[in-house]
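Below: one structure, written as structure tokens.
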Amino acid sequence: MVVVFQLDHISKAFQQTQALSDVSLDIDKGEMVALIGPSGSGKTTLLKLLNAQHMPTSGRLAVDGADIESLSRSSLKQVRQQIAYIPQDLGLVPNLKVFQNILLGKIGSTASWSLIRQFFFPTQAELTAIHSILEDVGIPEKLYQQTSSLSGGQQQRVAVARALYQNAHTILADEPVSAVDPARARSLVTLLSEISAEKNISVIMSIHNTDIATAMFPRIIGLKSGHLAFDTASPTEEAMADLYLIPDQQITEA
């Protein structure tokens with residue numbers, strides 16, 4: 001297996017807040033990984049470290065074998081271009097057409113003048129490539145549609161299509177199914193699982209729905225108070241209960 005991410009005793013602090021503490025793990029190319037844990041456990045911080053949006057306070061983080069803190073600005077930009085990030089709100093621009101939102105997948109590697117040209121005068125080759133990706137995610141007929149007119153599930157698929165157009169080797173998704181019903185959530189996870197298997201893309205998703213996480217992800221990482229609670233294919237009931245157990249000192253009377 002090819003290791004994409006190596007975290008060696010990683011900690012991350014924001015002023016007086018310790019978001020992650022002494023986390024060590026490897027993630028291989030093509031893995032499907034769920035990050036679970038209570039709010040404030042460090043899931044988003046971990047995703048942003050993997051995406052090199054944050055740098056660790058201590059420890060070593062390597063992406064594709066390279067220590068991110070030793071990279072030049074241009075090399076770091078290249079690393080980030082290989083990692084697609086889907087935020088909780090999907091990060092789409094509502095008043096743009098679907099193909100224009102997907103073009104934004106290459107904003108980090110495309111000159112401004114070229115991106116403007118693509119927005120208003122896309123070539124047939126560019127439109128064909130985007131249409132093919134929309135076929136992969138099941139909505140090829142939405143190519144020219146206004147993004148705001150799509151359903152929530154269709155917008156999720158546009159966000160995935162944007163990541164695929166970016167040609168990333170990893171998709172990081174931060175709670176993309178928290179605001180949708182379980183059926184739509186399962187549909188998105190199924191789509192990402194199929195894409196991961198077909199294209200050998202790593203998918204790392206933070207998710208609150210533990211039923212979906214345990215049923216649909218082959219690897220589950222539990223975080224609690226910034227610490228790695230477990231890293232397993234099948235967490236025990238005891239481990240799951242302890243993950244969400246509120247410490248006595250946090251319990252107050254109503």
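The values are calculated or read from the model by the stated rules, or taken from the named source; none is laboratory data. Note that this is a predicted model, so its numbers are computed, not measured. Reconstructed Cβ throughout: ideal geometry from the backbone, glycine too, with neighbour counts over all protein chains shown.
Here are some notes:
- Boolean, Asp231 is farther than 29 Å from Lys12 by Cα and not in a loop (DSSP other than H, G, I, E, B): no
- Filter pass, Leu71 being surrounded by 14 or more Cβ atoms within 10 Å (Cβ to Cβ) and touching a residue at least 12 places away in the same chain (Cβ under 8 Å): no
- Within the range 1-26, being among the β-branched types (Val, Ile, Thr) and surrounded by 20 or more Cβ atoms within 10 Å (Cβ to Cβ) holds for Val4, Ile10, Val23.
- Scan of the range 91-138 for residues that are in a loop (DSSP other than H, G, I, E, B) and at pLDDT below 90, ordered by number: Ile107, Gly108, Ser109, Thr110, Ala111, Phe121, Pro122, Thr123
- Remark: pairs (first residue in the range 45-58, aromatic (Phe, Trp, Tyr); second residue surrounded by fewer than 20 Cβ atoms within 10 Å (Cβ to Cβ) and assigned to a loop (DSSP other than H, G, I, E, B); Cβ separation under 8 Å; 6+ apart in sequence or on different chains) are absent.
- Residue match in the range 139-154 (condition: under 30 Å from Ala13 (Cβ atoms), part of a helix (DSSP H, G or I) and modelled with pLDDT under 90): no
So that you can scan it fast, the table gives a plain yes or no per residue for (1) modelled with pLDDT of 95 or more; (2) crowded, with 19+ Cβ neighbours inside 10 Å; (3) within 22 Å of Thr45 (Cβ to Cβ):
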{"residue": "Asp174", "(1), (2), (3)": "no, yes, yes"}
{"residue": "Ser178", "(1), (2), (3)": "no, no, yes"}
{"residue": "Lys199", "(1), (2), (3)": "no, no, no"}
{"residue": "Asp211", "(1), (2), (3)": "no, no, no"}
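- Gln6 in a loop (DSSP other than H, G, I, E, B) and either farther than 23 Å from Ser234 by Cα or touching a residue at least 24 places away in the same chain (Cβ under 8 Å) (or both): no
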